[in-house]
Amino acid sequence: MNNALQTSPQDHAPEMGELTPYHTGPALTQAMLTQHGVALTWQDGQQTTLPLRWLRDHCACPACRHPQTRERLYLPLEAISEPPSVALLDGHLHLNWRDGHVSAFHSGWLYQRRPEAPLTSAVPKVAAWEDNFAPERIRHSDFFNPSGRKSLVDRHATGRAGIDDRWPAGGRGSEPFSRAYWAPTRYQLWRPL
């Protein structure tokens, strides 16, 4: 239906705002609109077709996802009546929706989420504490960057979390933590189907 053109390989990769790594993976070589969605082909020959509504729902731009909590700000409740235009830029998928919105998807992120991909858990394995165990202290300032948040989530998931006792007192120290850590967890657990 509509073939996408590709420019150069992976110069300006879209940011998907995920804590789990997705930056490795082959670049997209072809994207084409079909009656079932967008058919994608990667450099290694893997192929899939992703529905338009799924793609619109998974847009990671700041208008669609809260930049701190990652909660959805846009819910695609209406059927998509007119398909977007499709482009590959630097090996990544870009969709220009008819309402003027633009969604950009990292090729590695899409590669991990294709229905044919093997399932892997993003949750670290739980291990028993060793005799010399001490919780890792995570500084307040570290929490406000992706690697610090990932470290805290990983440690919390395995029962090894510790928060530095020098966090600011009162709401100013705990409120950003709650918004960025507990709110997405609550949202994922209680999100309506």
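The values are calculated or read from the model by the stated rules, or taken from the named source; none is laboratory data. No experiment lies behind these values; they were computed from the predicted model shown. Methodologically, a virtual Cβ is constructed for each residue, glycine included, from the backbone with ideal geometry; neighbour enumeration extends over all protein chains shown.
Which members of segment 59-72 meet the condition of being surrounded by fewer than 14 Cβ atoms within 10 Å (Cβ to Cβ) and among the aliphatic types (A, V, I, L, M)?
A63
Can you tell me how many residues in segment 31-42 are surrounded by 14 or more Cβ atoms within 10 Å (Cβ to Cβ) and in contact (Cβ under 8 Å) with a residue 24 or more places away in the chain?
Qualifying residue count, segment 31-42: 6.
If the Cβ limit is 6 Å and pairs must be 6+ apart or interchain, which residue in segment 64-80 that is under 22 Å from L19 (Cβ atoms) pairs with which residue that is of a type in the set (S, T, Y) and in a loop (DSSP other than H, G, I, E, B)?
If the second residue must be of a type in the set (S, T, Y) and in a loop (DSSP other than H, G, I, E, B), the pairs left are C64/Y74.
Give segment 36-54 a look and list any residue that's part of a helix (DSSP H, G or I) and in contact with a strand residue (DSSP E or B) (Cβ under 6 Å, 6 or more places away or on another chain), or say none.
The answer is L52, and nothing else.
Given the criteria of a type outside the set (S, T, N, Q) and either surrounded by 13 or more Cβ atoms within 10 Å (Cβ to Cβ) or assigned by TED's automatic domain parsing to the domain that holds F144 (or both), does L89 qualify?
So L89 fits the description; yes.
Output the residues belonging to segment 92-122 that are exposed (fewer than 15 other Cβ atoms within 10 Å of the Cβ) and more than 29 Å from V153 (Cα to Cα).
N96, R98, D99, G100, V102
For T24, work out the one condition from (1) of a type outside the set (A, V, I, L, M); (2) modelled with pLDDT under 95; (3) in a strand (DSSP E or B) it doesn't fulfil.
Evaluating T24 over (1) of a type outside the set (A, V, I, L, M); (2) modelled with pLDDT under 95; (3) in a strand (DSSP E or B) leaves (3) as the failure.
Just the residues that are part of a loop (DSSP other than H, G, I, E, B) and at pLDDT 90 or above, please, taken from segment 74-98.
If the condition is that a residue be part of a loop (DSSP other than H, G, I, E, B) and at pLDDT 90 or above, then E82, P83, P84, D90, G91, W97, R98 are the ones that fit.
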